[in-house]
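The values are calculated or read from the model by the stated rules, or taken from the named source; none is laboratory data. Just so you know, these numbers come straight off a predicted model, no measurement behind them. As a convention, Cβ positions derive from the backbone with ideal geometry for all residues, glycine included, and neighbour counts pool all protein chains shown. These accessible areas exclude ligands, DNA and RNA; they are computed on the full protein's heavy atoms, side chains included. Shrake-Rupley method; radii C 1.70, N 1.55, O 1.52, S 1.80 Å.
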Amino acid sequence: NQEITRDSFTAVPSGTVIVRSRKSGDSMRFPGGTKSLKKWMIDEKIPAARRDCIPVIADDRGILGVYGAGGNLDRLTGTGRTMYFRFETTNK
């Protein structure tokens with residue numbers, strides 16, 4: 001059982017898993033409720049010019065998690081194969 005943080009989480013994917021930028025209308029469930037990624041990024045004070053650079057992990061059913069936000073609480077449990085995701089940054 002892996003620890004769930006803002007940079008790592010375990011989720012149950014459905015279909016193909018991809019890494020992409022945010023899309024209009026993207027939302028996920030956080031502690032406290034569902035929020036759009038746009039609203040989350042505004043609340044986190046992420047500059048508008050950087051918002052499309054934030055990695056989003058998604059599958060055929062939607063968002064699994066977002067860098068800096070962690071996993072979508074709606075997708076952390078379920079039946080099927082469980083996968084562990086961890087975001088890392090490198091200093092080059």
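Here are some notes:
- Sulfur and carbon atoms: percent of accessible area, the range 18-75 [1.4 Å]: 50 percent
- A simple rule links phi to the HN-Hα coupling: the Karplus curve 6.51 cos²θ - 1.76 cosθ + 1.60 with θ = phi - 60°, which for the range 49-56 gives 5, 9, 4, 7, 9, 6, x, 10 Hz, with x for Gly and Pro.
- The count of lysine pairs in the chain whose Cα atoms are under 20 Å apart, excluding pairs fewer than 8 places apart on the same chain, comes to 5.
- Net charge dipole, the chain: roughly 260 debye, given to the nearest 20, about the Cα centre with Cβ charges of +1 for Lys and Arg and -1 for Asp and Glu.
- Where labels lie 7 Å past Cα in the beta-carbon direction, separation of residue 86 and residue 30 in nm: 2.5 nm
- Note on the chain: helix-only mean residue ellipticity at 222 nm, from DSSP H runs of 4+ residues weighted -39500 (n - 2.57) and normalised by residue number, equals -2000 deg cm²/dmol.
- Shape of the range 49-88, Cα gyration tensor, a/c cut at 1.5: prolate
- Amide proton proximity set for residue 68, modelled H, under 5 Å, gap of 5+: none
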